[in-house]
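For reference, the structure discussed in these notes is given below.
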Amino acid sequence: MAAAIAASLPAPQAVSTPAAPIHEPIPASMSKLIDIEAEIPLNLVQLEGLVVSKIVKHSSESHLSVHGLLLGLDLDGTLEVTNSFPLLHNSGDDDDKSSKTISMSDFRRNTRETSAHLPWQVRADDSVVGFYQSTTMGAFFSQTLVDTQAIHQEKLRHGGVVVVHDVSQANRGNASFRAFKLSKEFLDAYRKTPFSAKTMINHKLTFTSILEEVPLKIRTNPLLSAFISSLSKRRASPLVQPLPSEVYHTSLPSSYSTLDLGNPTLTKNLENVVEAIDNYKTEEGNLAYHIRQIAREKARAEAYVAKRKEENANRVAQGLAPLPEEDITRLFKIPPEPSRLESMLMLGQVDAYAKTLEGTSSLSLVKMYAARAGMDANHEVFP
Amino acid sequence: MTLGAPSSGVCLNLSSGPVYRTPSVTIHPAALFSILDHYLRRTDTQQRVIGTLLGTRGEGDDAVSVRGAFAVLHSETSEQVAVDMDYHRAMFDLSQRVNPKESIVGWYSTGSNLNTYSALIQNFYSQETAPYPAIHIALNTGTEAGEEAGVKAYISSPVGVFPKPENAVFVPIPVTLRVNDAERSGLHLLENAPTSPVGELAQLESTLKDVLDMLDRVLAYAQEAAAGKPADAALGRYLMDALGAGTEELGKGGFTSSLQDTLMMSYLANLVRAQAEVSARLALVTAP
């Protein structure tokens, strides 16, 4: 049997002759749209249907936050994301970065290897334009996100975008995708280490100004939308006397899960808020301790300097040579100012959780009144 | 729910080797859309595209769930068919790192013609999925005149006294589209494309409008029936069941306490947000 396959599958290398890249001149009509130097600012992120379904699939597979790469091209200020690739799940925060970089370089190597000798691969976009991240309850501020995005900012065209997908909203029936990039002020501040209170004040940074949102659009190509519409088309049941609920059947039945009255995530959300506030409190305590430490050391140093000055004045008065001014930085170790980034991000988490809580509670308020109106009407009809 | 027109054909299981129960296949939208994307990016000379299906096998090995797919390069001429196995291996290794739970379950092709080459490719994938039978998904993109978009699934059995790899009987097996809640909401977004994701309140509004439309239709039907137009008794009973559903759990006492809880939540959330905002602003205050 093996002989038969070998005979019928002659040398797979035969098809993979590398196609020499042909550089065509940019047509005049496109010269304004294609910017080689990435000068046209991004004003829209466009997600292809395939990317939507791949991100949703990847996010719903894991309880933890997942991330992956976005592949695509930008044209005239619109970033077209046409494909995505999931990256490894990471469990701990310590090996976070290492595993991410490993898998990313793996991916890079693989795409480069394959795109070199696969003619079709050239047809798919394989340039990394950003990454996506799943989140629960809308809270996605984290050190990792900011770090990764800051790395991308230097490596990728337009600095890359991050698309955030909220799993808890998707499970309730509303797929939420939002695109962000780091704001200019934040990047300036981020490059200055340590991230001190002074840099924050100079750049007028709060948690709301770390990221700026980029408008996002969902697009399906004509083939996909035709396929989806044929999937959701209602067909008459082949049965002779079907049940009323089965007269029509479709591959894509509508779900009305947004109308569900209960909100199972409410308790979890509340817990998240409390936890985030606790974390923030601890971090603030640490910061305050550091600042007190700095103040104490500074006071001691100043006291020493003052004492030395007084002594010198006395000696001069007595006609003696003054003692040399010593370098106080060597005598007193003033600890460096702590980074404020962590506490700012934590405050962002608190705000994000509270915002989700606010949203869901207002939503359930609307639903409750709607349900009561329905119930009252029901009582009038069937007393 | 079947994909495509329901078939009235009778299937014969001609399996002569080890007997498996006919597997049932569920397919997730991500896999379908990958196939469509691959088809869209084919070269002019390619009649069809093929690729590897990734998925999981349920308990008892007879429920296969196709969760993803990647494209594989192949060429078909009148004399020969070739599949780039190196590429297939490399891609599988890559996806295996990210998602070790998904294994190769079969292969896909676009178009609905099954030929000798299909049997050869099927033979190759049978070795990849051994000891389980390889699933073949034929996706009709509906781009050719007279053909309807749809998905069909097959397993193969060898045929003839002396089985040869280029001869096989493709046995149709049932295939259904499986969407979980999250995927369902993603698809809802795609159905209305081009669009932008909206907030939950806007989503609720559009859903309520849908429900209102449906109620109007039902009301029109009921009024016609009341006016003496012949109507379906079974439908009437169904409507009675559907609309008479109780909302007792929201009874008078329950409603008030639940309302208080919800208002409390809303108040708390607003308070936390205000405090967070104040705290962030206070950090920026400098001594005059």
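Structure data summary
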item: Gyration tensor (Cα) of region A:132-284, equivalent ellipsoid semi-axes in angstrom; result: 44, 22, 9
item: Inter-label distance for A:Ser237 and A:Lys268, nm, one decimal - labels placed 7 Å from Cα along Cα-to-Cβ; result: 3.5 nm
item: B:Val218/B:Val198 FRET efficiency (R0 22 Å; Cβ-Cβ; nearest 0.05); result: 0.25
item: Cα pair distances in region A:271-352, grouped into 10 Å bins until the bin that holds the longest one, percent each; result: 16, 28, 20, 15, 11, 7, 2, 0
item: Among B:Glu76, B:Glu277, B:Glu224: highest mean-square fluctuation, GNM of chain B, C-alpha pairs under 10 Å; result: B:Glu277
item: Nearest 10 degrees, 0 to 90: helix B:181-191 Cα axis against chain B principal axis; result: 90 degrees
item: Neighbour net charge for A:Pro338 - beta-carbon separation under 13 angstrom, K R +1, D E -1; result: -1
item: Rounded to whole Hz, the Karplus (6.51, -1.76, 1.60) HN-Hα couplings of region B:131-146, x for glycine and proline; result: x, 8, x, 7, 9, 10, 9, 9, 9, 8, 6, x, 8, 8, 4, x
item: Placed amide H near A:Leu71: partners under 5 Å, 5+ positions off or other chain; result: A:Thr82, A:Asn83, A:Ser84, A:Phe85, A:Val129
item: Helix axis angle, B:29-40 relative to chain B longest principal axis, alpha carbon, degrees; result: 60 degrees
item: Cβ charges +1 (Lys, Arg) and -1 (Asp, Glu), total dipole of region B:88-211, debye; result: 480 debye
item: Assigned charges on the beta-carbon of Lys, Arg, Asp, Glu; chain B dipole about Cα centre (debye); result: 340 debye
item: Whether region B:139-288 is rounded, prolate or oblate, judged on the alpha carbon gyration tensor where a/c under 1.5 counts as rounded; result: oblate
item: Selected from B:Gly146, B:Ser34, B:Gln46, residue furthest toward positive end of dipole (region B:18-165; charges at beta carbon); result: B:Ser34
item: Selected from B:Met265, B:Met91, B:Met240 as most flexible by GNM, with chain B as the system and alpha-carbon contacts under 10 Å; result: B:Met265
item: Number of partner chain Cβ atoms within 10 Å, mean per residue of B:111-120; result: 1
item: Average partner coverage of B:82-89, which counts Cβ from other chains inside 10 Å; result: 5
item: Values of log10 I(q)/I(0), in the order q = 0.23, 0.24 Å⁻¹, for region B:60-161 under a Debye, Cα-only, solvent-free model; result: -1.46, -1.51
item: Magnitude of the charge dipole, region A:190-303, Cβ model with Lys/Arg +1 and Asp/Glu -1, debye to 20; result: 520 debye
item: J(HN,Hα) series, region A:372-379, from Karplus relation 6.51 cos²θ - 1.76 cosθ + 1.60, nearest Hz, glycine and proline x; result: 5, 4, x, 5, 4, 4, 4, 5
item: For A:Val66, residues with placed amide H under 5 Å, excluding near neighbours; result: A:Ser134
item: Using θ = phi - 60° and Karplus 6.51 cos²θ - 1.76 cosθ + 1.60, couplings along region B:196-211 (whole Hz; Gly, Pro as x); result: 10, x, 10, x, 5, 5, 5, 5, 4, 4, 5, 5, 5, 5, 4, 5
item: Degrees, to the nearest 10: B:85-98 long Cα axis against longest axis of chain B; result: 30 degrees
item: Test item: A:226-237 mean partner chain Cβ contacts at 10 Å; result: 5
item: Extension reserve of the A:Leu331-A:Ala370 stretch, reckoned as 0.36 nm per residue once the Cα distance is removed; result: 6.9 nm
item: Listed residues B:Arg42, B:Arg217, B:Arg273, most fluctuating in chain B (Gaussian network, C-alpha, under 10 Å); result: B:Arg273
item: Dipole of region A:284-334, positive end: most advanced residue of A:Pro322, A:Gly285, A:Ala299 [Cβ charges, Cα centre]; result: A:Gly285
item: Amide H contacts of B:Thr176 (H built 1.01 Å from N, under 5 Å, at least 5 apart or other chain); result: B:Val25, B:Thr26, B:Ile27
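The numbers here are math on the coordinates, done by the rules we state, and not lab data. In this text, all values refer to a predicted model and were calculated from it rather than measured experimentally. With ideal geometry, Cβ positions are generated from the backbone for all residues, glycine too; neighbour counts draw on all protein chains shown.
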